[in-house]
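Beneath this line is the structure, given in structure tokens, with notes to follow.
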Amino acid sequence: MYVCSCFGVTEQQVRQHAEDGACTPRQIASACKAGTDCGGCVRRIQALLGRGNCPRRELADQGRSPLADVANQPAAVRVTAEAA
């Protein structure tokens, strides 16, 4: 099902970007442009993201920089680093 009609972004794509580390609608927008045109999909994106675990949020809660290069690492590396 499409979330963003403007850019043809599906729920599955949003979920994949979330699994890859995007935690906010703004981060989803950076990954695929969803939410950057009319904005009608932003609430749906927020609902899909929910309040689940987010590596960047967890870093901020620990007092570490959420802007660390976590997002640019492959998912397997991020998972290994988070488990440590």
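The values are calculated or read from the model by the stated rules, or taken from the named source; none is laboratory data. Not measured: the values here are computed from a predicted model. Positions of Cβ are generated from backbone atoms using ideal geometry, with glycine treated the same way; all protein chains shown enter the neighbour counts. SASA here: full protein model, heavy atoms, side chains in, ligands and nucleic acids out. Shrake-Rupley method; radii C 1.70, N 1.55, O 1.52, S 1.80 Å.
Worth a mention:
- Test result for Arg64, open to solvent by 40 Å² or more (accessible area, probe 1.4 Å) and at pLDDT below 90: yes
- Answer residue from the range 1-24, given it is assigned to a helix (DSSP H, G or I) and not polar (S, T, N, Q) and is surrounded by the most Cβ atoms within 10 Å (Cβ to Cβ) among those: Val14
- Among residues of the range 25-47 being part of a loop (DSSP other than H, G, I, E, B) and of a type in the set (Gly, Ala, Ser), the one that is least open to solvent (accessible area, probe 1.4 Å) is Ala34.
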